[in-house]
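*Asks:* Quick one: the structure is below, and I'll ask about it shortly.
Bear in mind that the values in this text are calculations on the coordinates, not laboratory data. All figures in this text were calculated on a predicted structure; none of them were measured in a lab. Methodologically, a virtual Cβ is constructed for each residue, glycine included, from the backbone with ideal geometry; neighbour enumeration extends over all protein chains shown.
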Amino acid sequence: MQGNAVIGQSGGPTAVINQSLVGVIEGLRGTSGLEQVLGMRHGVRGLTTDQLTRLDTIAQPQLDLIAATPSAALGSTRDKPDAAYCERILAGCKKHNVRWFFYIGGNDSSDTCRIVNDLARSSNYDMHCFHVPKTIDNDLMKNDHTPGYASAARYVAKAFMGDNLDNASIPGIKINVVMGRHAGFLTAAAALGRAHADDGPHIVCLPERTFDMDAFTARVEQCVKQFGRCQIALSEGVQDKDGNAIGATLIKGETDAHGNVQLSGSGALGDQMAEVLKKRLTPAGGKAPRVRADTLGYPQRCYPDASPIDQSEARAAGRFAAELAKKGERDGSIAIVRKSDAPYASDTVRVELTDVAAKTRHMPDDFLDGDFNVSKKFINWLTPLVGNMPKMGRVS
């Protein structure tokens, strides 16, 4: 087989997505019949509009610098290709004699890779298609965890550690909204920084547990009585008993390309939740409690303080995808599997595209402790992934 390879990045950027990009480039070296390694500008949109750039001519020192840089070096896209769009993608592959197709992204990206792969086979076009995992949500099936998650979890844990000290200094009720529309892994990471029994977050609200406003309010009131304050980790995707997103019922905001109400891109959810608590917790004829809200927002994705494990595994995932292609594998998605906890070790394996595409992984039940907390098992699972955390002192 003689032709070119193409690599694209899709969905929300991460702190280590470029590690995977460079891993694919490095892994493709020495591939028989490979002529050029091309990068798609802004994902598959760049392939359909001939916006391609050479990647195999970049010197190794520059590649190493790109790998250590957060966000998507090629640019990303939120396009969610349907069958017709994927036909245009395949046409672009044929036009540029692409025989190796690599797409770095999450659920939708894996589905795009699957559709393009199926179309190539049905049209007898010889092309190898591989999905390289990426998502801070950690919601891809078959993975112990996904590249991008550990670095985002590191940011969230550190942010809550600092905010917890602020909340202790000037006590009140503090809500921090964290990304995670369908899975609560990232919000749960807020609990990693607890060192003392009275440290926040005191309440952790995740999509995997039904959100009941009455029970939530009662828990906040209980925490204020116990600690004199309450720090809350609130996932943007918390849902009521009927599966309706609380954010969608409290706010009327913009929608994204998939029709989803914008939850983390603005402070609306936190502000509305703060207003609910003020009204519910204000005693008759009394003063409203001090309630503040922040939305952690996009810095969760690309803060330049990546987990060392995350950097290494992201690069390895990209390199492994290229090595599979070099060995003649036709397609697949890459997954990270945990081999041991002490010492921590992981490996990369190939799984079927259909096992990952358009599917969502949720936090397992044993990672949760009741409706408003995470378990010790989750903390033990997460700890080796994020790297060393800062130590905080106290005046006794």
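*Asks:* Could you check the simple spin-label distance between K376 and K241, using points 7 Å along Cα→Cβ, in nm with one decimal?
*Replies:* 3.3 nm
*Asks:* With just the Cα atoms defining each centre, how far is the range 25-98 from the range 304-327? Give it in Å.
*Replies:* 16 Å
*Asks:* If I stretch the segment between M141 and K327 completely, what's the gain in nm (0.36 nm per residue apart, minus their alpha carbon distance), one decimal?
*Replies:* That works out to 64.5 nm of additional length.
*Asks:* Pairs to check: K94/K359; K225/K278; K80/K339; K174/K287; K174/K391. Give those whose C-alpha atoms are more than 24 Å from each other in this structure.
*Replies:* Among K94/K359; K225/K278; K80/K339; K174/K287; K174/K391, the Cα-Cα distance tops 24 Å for K94/K359; K80/K339.
*Asks:* Tell me, in nm to one decimal, what length is gained between R88 and K278 on full extension, where the rule is 0.36 nm per residue of separation less the Cα-Cα distance?
*Replies:* Residue separation times 0.36 nm, minus the Cα-Cα distance, leaves 63.2 nm.
*Asks:* Same structure again: Packing-wise, with mean Cβ within 10 Å as the measure, how do 151-164, 276-289, 59-72, 372-385 rank, highest first?
*Replies:* 151-164, 372-385, 59-72, 276-289
*Asks:* For R292 and H362, what does the FRET efficiency come to when R0 = 45 Å and r is the distance between their Cβ atoms, rounded to the nearest 0.05?
*Replies:* Calculated value: 0.95.
*Asks:* What is the angle, in °, between the Cα long axis of helix 149-169 and the longest principal axis of the Cα atoms in the chain? Nearest 10 is fine, range 0 to 90.
*Replies:* Computed tilt is about 20 degrees.
*Asks:* By the 4.7 Å beta carbon criterion, which cysteine residues of the chain come out unpaired?
*Replies:* That list is C86, C93, C113, C129, C205, C302.
*Asks:* Under a no-solvent Debye model with one identical scatterer per Cα of the range 1-95, what's log10 I(q)/I(0) at q = 0.15 Å⁻¹?
*Replies:* Values returned for q = 0.15 Å⁻¹ are -0.59.
*Asks:* Would you calculate the separation in nanometres between label points at N97 and S396, each defined as 7 Å from the Cα along the Cα-to-beta-carbon direction?
*Replies:* In this crude spin-label approximation the distance works out to 7.5 nm.
*Asks:* Report the FRET efficiency, 1/(1 + (r/R0)^6), for D212 and A68, where r is their Cβ-Cβ distance and R0 is 41 Å, rounded to 0.05.
*Replies:* Taking R0 as 41 Å, the efficiency between D212 and A68 is 0.40.
*Asks:* Measure nothing but the geometry: give the 0 to 90° angle between the long axis through the Cα atoms of 17-28 and the longest principal axis through the Cα atoms of the chain, rounded to 10°.
*Replies:* That works out to roughly 20 degrees.
*Asks:* With θ set to phi - 60°, apply the Karplus curve 6.51 cos²θ - 1.76 cosθ + 1.60 along the range 172-182 and write out the HN-Hα couplings as whole Hz, x wherever there is a Gly or Pro.
*Replies:* Computed from phi, the couplings for the range 172-182 are x, 9, 10, 10, 10, 8, 10, 4, x, 6, 10 Hz.
*Asks:* Select from I89, T57, T348 the residue farthest towards the positive end of the dipole of the chain; place +1 on Cβ of Lys and Arg, -1 on Cβ of Asp and Glu, and compute about the Cα centre.
*Replies:* T57
*Asks:* Using a cut-off of 11 Å between beta-carbons, work out the net charge of the residues near L324 (Lys and Arg +1, Asp and Glu -1, L324 not included).
*Replies:* +2
*Asks:* If the chain were replaced by its equivalent ellipsoid, with semi-axes equal to the square roots of 5 times the Cα gyration tensor eigenvalues, what would those be, largest first, whole Å?
*Replies:* Over the Cα atoms of the chain, the ellipsoid semi-axes are 42, 22, 17 Å.
*Asks:* Now for a different question. Please label the shape of the range 343-396 as rounded, prolate or oblate, based on the square roots a ≥ b ≥ c of the eigenvalues of the alpha-carbon gyration tensor (a/c under 1.5 means rounded; beyond that, a/b larger than b/c means prolate, else oblate).
*Replies:* oblate
*Asks:* Work out, step by step, the length gained on full extension between M389 and R54: first 0.36 nm times the residue separation, then minus their alpha carbon distance; give nm to one decimal.
*Replies:* My answer for the length gained is 116.7 nm.
*Asks:* State the antiparallel share, in %, of DSSP beta bridges confined to the chain, rounding to the nearest 5.
*Replies:* 30 percent
*Asks:* Can you compute the radius of gyration and Dmax for the range 261-396, using only the Cα atoms, both in Å?
*Replies:* Here Rg and the maximum Cα pair distance are 21.5, 74 Å.
*Asks:* Treat every Asp and Glu Cβ in the chain as -1 and every Lys and Arg Cβ as +1, leave all other atoms uncharged, and give the resulting dipole magnitude about the Cα centre to the nearest 20 debye.
*Replies:* Its charge dipole is roughly 520 debye.
*Asks:* Now for a separate question. So if I restrict to the alpha-carbon atoms in the range 65-190, what is the Rg, and what is Dmax, the biggest pairwise distance, in Å?
*Replies:* Rg, Dmax (Cα atoms, Å): 19.5, 67.
*Asks:* Using only Cα atoms, find the angle between the long axis of helix 376-386 and the longest principal axis of the chain, and express it within 0 to 90 degrees, rounded to the nearest 10.
*Replies:* On a 0 to 90 degree scale, this one is about 50.
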